[in-house]
Amino acid sequence: MIVTISNLYGCGAVAVAQRVAAELGYELIDSQLPVVVAKRMQITPVQAQAADETGRSLGARLLSSLELATPEVAVTGFGQTFDEEYVREVQEAVREFAALGNVVIVGRGAGAVLGRRPDVVRIFMYAPRDWRIERIVAELGLEYKAAASEVDRIDRARRAHLRDWYNVEIGSPAIVDLGIDTATFGTEGSAKLVIDAVHAR
């Protein structure tokens, strides 16, 4: 089976994913995915991670290209950009990891990439904004304002990514089989819900 986990930033999805993977004996696919993509594109993992987190909208990317008069815009009329190549490589990496089976894939639009399949359980984790901010303050030691800014920035980035590349909203039933409020169920309870969903599938 394959478990994909999409989430709002700060809801504790990675901790849940770690527990799920450990209890099911699955491989957790998270930070290693940008490393794989970086090798394919011959860029550094830091650059790949930055591409993951930028989350510029399609309009912003096109405007940037026009301002810089890039060859993609000026010559080929919106040919393949770095963003397009990066997303394509992420999609390919997600499919390759999924082909191995018994994996938990965190983020990267994996639920949208793989779609509705009998061997896939697509989870969306969320929690109230204030709860997520307080959690980031406690875990990272940030000031409340900085944590709030980061939560909002990454939420916007994830929404923009899904809208731009998959034409869906984050948490949409089109790409989610089960939604879990981690503030309500906590790490252990949320992990149990995911595991029960895998067994039910």
Rounded to the nearest 0.05, FRET efficiency between THR187 and THR44 (Cβ-Cβ, R0 41 Å) equals 0.80
Using 0.36 nm per residue, how much length does the chain from ARG153 to ARG88 gain when fully extended, once their Cα-Cα distance is taken away?
21.1 nm
Length gained when the stretch ALA174-GLU139 is fully extended (0.36 nm per residue, less Cα-Cα span)
9.4 nm
Under 5 Å between amide hydrogens, which residues at least 5 positions from ILE29 or on another chain qualify, with H placed 1.01 Å from N in the peptide plane?
VAL104, ILE105, VAL106
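If neighbour count is taken as other Cβ atoms inside 10 Å, put ARG159, ARG132 in order from fewest to most.
ARG159, ARG132
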When the chain is fully extended, how far beyond the present Cα-Cα distance does ASP196 get from ALA99, taking 0.36 nm per residue of separation?
32.7 nm
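Read the figures in this text as sums done on the coordinates, not as results from a lab. These numbers come from a predicted model, not from an experiment. All Cβ positions, glycine included, derive from the backbone under ideal geometry; neighbour counts span all protein chains shown.
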